[in-house]
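Here the structure is laid out as structure tokens; the discussion comes afterwards.
The values are calculated or read from the model by the stated rules, or taken from the named source; none is laboratory data. This structure is a prediction, so every number in the text was calculated from the model and none was measured. Quick reminder, even Gly has a Cβ in these numbers, built from the backbone with ideal geometry, and neighbours come from all protein chains shown. Just the protein is used for accessible areas: all its heavy atoms, side chains included, with ligands, DNA and RNA removed. Shrake-Rupley method; radii C 1.70, N 1.55, O 1.52, S 1.80 Å.
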Amino acid sequence: MLEQLLIFTRGGLILWTCKELGNALRGSPIDTLIRSCLLEERSGAASYNYDVPGAAYTLKWTFHNDLGLVFVAVYQKILHLLYVDELLSMVKREFSEIYDPKRTVYNEFDDVFQQLRKETEARAEEIRKSKQVSKPVNNNLGKKQGQVQKGIMNGGNKKKSGGESGNDGGDGDKVISRAMENGNGRSNGSNGNGLVQANGKENRSSGSGAFDVNKLHKLRAKGGKKTDTVVKDSKAEPTKKIKKNRVWDDSPKESKLDFTDSMNENGNENVAVVEAVQGESMMDKEEIVSSDSETEEDKEPGKDSKVEAKKKGWFSSMFQSIAGKANLDKADLEPALKALKDRLMTKNVAEEIAEKLCESVAVSLEGKKLASFTRVSSTVQAAMEEALVRILTPKRSIDILRDVHAAKEQGKPYVVVFVGVNGVGKSTNLAKVAYWLQQHKINVMMAACDTFRSGAVEQLRTHARRLQVPIFEKGYEKDPAIVAKEAIQEASRNGSDVVLVDTAGRMQDNEPLMRALSKLIYVNSPDLILFVGEALVGNDAVDQLSKFNQKLGDLSPSPNPRLIDGILLTKFDTIDDKVGAALSMVYISGAPVMFVGCGQSYTDLKKLNVKSIVKTLLK
């Protein structure tokens with residue numbers, strides 16, 4: 001049974017809703033669908049599930065892109081209604097005929113909807129009954145076929161026992177059983193290309209019930225040859241030689257370079273030199289997008305137009321660009337979307353994300369009228385650019401400085417936890433964030449909660465000494481949740497404004513370490529959880545972020561677990577134009593990119609330039 005059906009514009013104006021359907025919906029499934037699916041370019045999905053305490057709904061929708069209308073049906077998740085898709089398409093067709101942009105009330109559509117609903121429900125009931133009736137018929141057919149096959153086998157065996165010796169009959173049975181074991185034969189009631197049917201054909205052609213013994217010998221010989229080849233291969237495997245490492249030089253290995261002692265001797269001097277050389281952080285500088293990307297982008301449609309002109313011909317392409325196309329359909333959009341998907345994947349966007357984006361753009365353009373003097377490729381690219389800007393633009397404020405001052409007024413430190421997989425640069429970028437906060441006259445304290453990796457505490461201690469920042473440490477093999485809690489208490493006593501918590505790198509599948517991280521977040525309730533990820537990753541970005549969020553939710557003892565709030569993208573200076581990891585991470589998590597690490601010095605930290613990323617992705 002349907003719970004609700006709504007028709008509204010893309011601007012959010014509700015035009016019609018069925019007043020006779022069910023009770024009031026629990027929660028806000030329509031608002032959640034708009035926020036987390038339609039606005040996030042996930043409209044290419046078939047349905048959306050909404051769960052609240054005491055109720056679970058499934059939502060399906062369709063668009064009328066030319067009129068800018070959205071049709072949404074809501075029903076109980078436990079009910080698998082077969083007629084919803086057909087009902088939505090019929091409602092879309094009927095409502096578009098009476099739609100007037102100047103009208104906001106459509107009371108006369110109630111009777112039309114009731115008629116459509118009865119028709120689709122009756123059709124779905126007929127289909128369900130026909131399926132139930134057809135099931136026993138199929139079973140009877142299978143039984144009859146099985147009996148026929150059994151009769152053929154029994155008849156063949158009787159004739160064979162009368163016409164041939166017992167040895168030949170025994171060999172025939174062995175061949176049949178061998179064929180059944182190898183998967184060549186099927187059950188008695190099957191219609192496949194089994195050995196039983198092959199023998200039946202031979203019996204009809206020869207007119208006698210005996211097997212062709214020569215053919216059986218040939219089959220046996222072929223089987224023997226195959227087994228011999230397998231044995232030969234298995235014998236040849238152990239004889240492979242193991243490749244040894246090549247030794248280039250017999251000279252002894254040089255001792256490792258260690259600069260720790262010199263740093264300890266002249267620590268204060270080095271700190272002063274570092275601060276003098278580093279200067280202002282790139283976070284406070286406005287990034288200017290060069291005009292080279294714009295000119296390259298302007299040249300790109302020219303290449304596409306040349307290719308299309310060769311395919312379509314000069315006159316047809318010119319006529320279509322002048323006259324325009326009535327309505328875009330999937331066949332028109334597929335070539336442009338395929339090229340766009342390949343382009344996104346070459347920019348390191350995960351394949352799954354690129355496919356979903358193209359599906360969403362196709363849904364938003366299907367049925368839309370193509371304007372004059374415009375091409376399908378340029379229309380698709382404009383829609384994709386708009387979608388990418390909408391995804392990468394943060395949905396909430398990411399002004400950390402404002403949040404720090406708000407926490408300071410409440411008399412508590414602002415706590416930031418850095419999480420991520422191994423080797424992505426958490427400690428280094430934590431130091432960059434500390435340097436940026438110092439420039440804004442904010443007192444920072446570091447907390448060394450990576451008690452798992454050897455050298456992690458010393459690494460953070462080196463950064464703290466160079467930046468002249470206090471550090472709270474308890475050594476190794478301690479509970480990181482307790483260390484973080486004591487660090488926050490120490491920060492409250494000494495008046496620190498921000499506590500930057502460094503955690504151990506962990507793979508998303510390492511449950512003991514993920515459980516420890518979940519405990520740290522549950523015990524300390526940080527103000528910001530930053531996921532530190534490499535800009536080099538492609539498809540693995542989806543796996544990392546989705547599993548981090550999943551584990552933080554599943555392993556947390558809290559009924560409302562904390563998930564990742566923001567992303568710090570590292571090693572951005574090493575990827576050239578392969579900027580797709582930023583899009584993959586934001587799309588899969590919904591969290592904004594708050595920092596971008598782009599170098600090895602403390603100043604190499606900047607904000608994400610959304611326009612620059614979008615231009616690079618579509619270049």
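Inspect all residues belonging to the range 20-36 and state whether any of them is assigned to a strand (DSSP E or B) and either over 30 Å from Glu355 (Cα atoms) or in contact with a His (Cβ under 6 Å, 6 or more places away or on another chain) (or both). Checking the range 20-36: not a single residue is assigned to a strand (DSSP E or B) and either over 30 Å from Glu355 (Cα atoms) or in contact with a His (Cβ under 6 Å, 6 or more places away or on another chain) (or both). Taken together, the residues in the range 101-133 that are in contact (Cβ under 8 Å) with a residue 40 or more places away in the chain, more than 15 Å from Trp16 (Cα to Cα) and open to solvent by 60 Å² or more (accessible area, probe 1.4 Å) amount to 3. Does the range 78-100 contain at least one residue that is surrounded by fewer than 17 Cβ atoms within 10 Å (Cβ to Cβ), assigned to a loop (DSSP other than H, G, I, E, B) and within 27 Å of the chain's Cα centre (by Cα)? So far as the range 78-100 goes, yes, one or more of its residues are surrounded by fewer than 17 Cβ atoms within 10 Å (Cβ to Cβ), assigned to a loop (DSSP other than H, G, I, E, B) and within 27 Å of the chain's Cα centre (by Cα). The residues of the range 554-573 that are of a type in the set (A, V, I, L, M) and either without any contact (Cβ under 8 Å) to a residue 40 or more places away in the chain or within 13 Å of Ser518 (Cα to Cα) (or both), listed by number, are Leu555, Leu563, Ile564, Ile567, Leu569. Every test in (1) part of a helix (DSSP H, G or I); (2) surrounded by 13 or more Cβ atoms within 10 Å (Cβ to Cβ); (3) under 23 Å from the mean Cα position of the chain (by Cα) is passed by Asp342 save one, and that test is (2).
The condition of being modelled with pLDDT of 90 or more, out of contact with any Lys or Arg (no Cβ under 8 Å at 6 or more places or on another chain) and open to solvent by 40 Å² or more (accessible area, probe 1.4 Å) holds for only one of Lys619, Lys611, that being Lys611.
Yes/no per residue for (1) closer than 21 Å to Val389 by Cβ; (2) at pLDDT below 90; (3) assigned by the TED database to the domain that holds Leu357:
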| position | (1), (2), (3) |
| --- | --- |
| Asp540 | no, yes, no |
| Ser558 | no, yes, no |
| Thr570 | no, no, no |
| Asp577 | yes, yes, no |
| Ala581 | yes, yes, no |
| Pro592 | yes, no, no |
| Val596 | yes, no, no |
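Out of curiosity, is Leu6 modelled with pLDDT under 85 and among the aliphatic types (A, V, I, L, M)? No; evaluated as a whole, the condition is false for this residue.
Which one is surrounded by the fewest Cβ atoms within 10 Å (Cβ to Cβ), of the residues in the range 568-598 that are assigned to a loop (DSSP other than H, G, I, E, B) and on the phi < 0 side of the Ramachandran plot?
Taking the range 568-598 as the starting set, the residues that turn out to be assigned to a loop (DSSP other than H, G, I, E, B) are 571, 575-579, 590-592, 598.
After this cut, where a residue has to be on the phi < 0 side of the Ramachandran plot as well, the list is 575, 577-579, 591-592, 598.
Details: Ile575: 19, Asp577: 13, Lys578: 16, Val579: 22, Ala591: 22, Pro592: 19, Cys598: 20.
Of everything passing the filter in the range 568-598, Asp577 is surrounded by the fewest Cβ atoms within 10 Å (Cβ to Cβ).
Restricting the range 64-77 to residues that are in a strand (DSSP E or B) and more than 16 Å from Leu25 (Cβ to Cβ), the residue that is modelled with the lowest pLDDT is His64. Would you confirm whether any residue within the range 442-449 is over 16 Å from Ile521 (Cα atoms), among the hydrophobic types (A, V, I, L, M, F, W, C) and within 31 Å of the chain's Cα centre (by Cα)? Within the range 442-449, none of the residues are over 16 Å from Ile521 (Cα atoms), among the hydrophobic types (A, V, I, L, M, F, W, C) and within 31 Å of the chain's Cα centre (by Cα).
Hey, among Lys412, Lys395, which residue is assigned to a loop (DSSP other than H, G, I, E, B), open to solvent by 10 Å² or more (accessible area, probe 1.4 Å) and at pLDDT 90 or above? Write out each step before concluding.
Values: Lys395 fails: at pLDDT 90 or above.
Every option except Lys412 fails the conditions.
All conditions in (1) within 23 Å of Gly566 (Cβ to Cβ); (2) in a helix (DSSP H, G or I); (3) open to solvent by less than 30 Å² (accessible area, probe 1.4 Å); (4) in contact with an Asp or Glu (Cβ under 7 Å, 6 or more places away or on another chain) hold for Asp403, with the sole exception of (3). Residue count for the range 47-59, restricted to those that are in contact (Cβ under 8 Å) with a residue 24 or more places away in the chain, surrounded by fewer than 20 Cβ atoms within 10 Å (Cβ to Cβ) and not in a loop (DSSP other than H, G, I, E, B): 4. Scanning the range 538-565 for residues that are over 22 Å from Ile353 (Cα atoms) and crowded, with 20+ Cβ neighbours inside 10 Å yields a single hit, Leu552. State whether the residues of the range 421-434 include one that is buried (at least 20 other Cβ atoms within 10 Å of the Cβ), more than 26 Å from Gly580 (Cα to Cα), touching a residue at least 24 places away in the same chain (Cβ under 8 Å) and outside the structural domain of Arg10 (by the TED database). Yes, there is a match, as at least one residue in the range 421-434 is buried (at least 20 other Cβ atoms within 10 Å of the Cβ), more than 26 Å from Gly580 (Cα to Cα), touching a residue at least 24 places away in the same chain (Cβ under 8 Å) and outside the structural domain of Arg10 (by the TED database).
Quick check on Ser496: is it polar (S, T, N, Q) and more than 20 Å from Tyr435 (Cβ to Cβ)?
Numbers: polar (S, T, N, Q): yes; more than 20 Å from Tyr435 (Cβ to Cβ): no.
No: the conditions fail for Ser496.
Table: residues versus (1) of a type in the set (Asp, Glu); (2) out of contact with any Leu (no Cβ under 7 Å at 6 or more places or on another chain); (3) touching a residue at least 12 places away in the same chain (Cβ under 8 Å).
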position	(1), (2), (3)
Gln489	no, yes, no
Gly495	no, yes, yes
Leu552	no, no, yes
Ile575	no, no, yes
Ser584	no, yes, yes
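Of all residues in the range 26-46, those satisfying the criterion of being open to solvent by less than 40 Å² (accessible area, probe 1.4 Å) and out of contact with any Phe, Trp or Tyr (no Cβ under 6 Å at 6 or more places or on another chain) are Ile30, Leu38, Glu40, Glu41, Ser43, Gly44.
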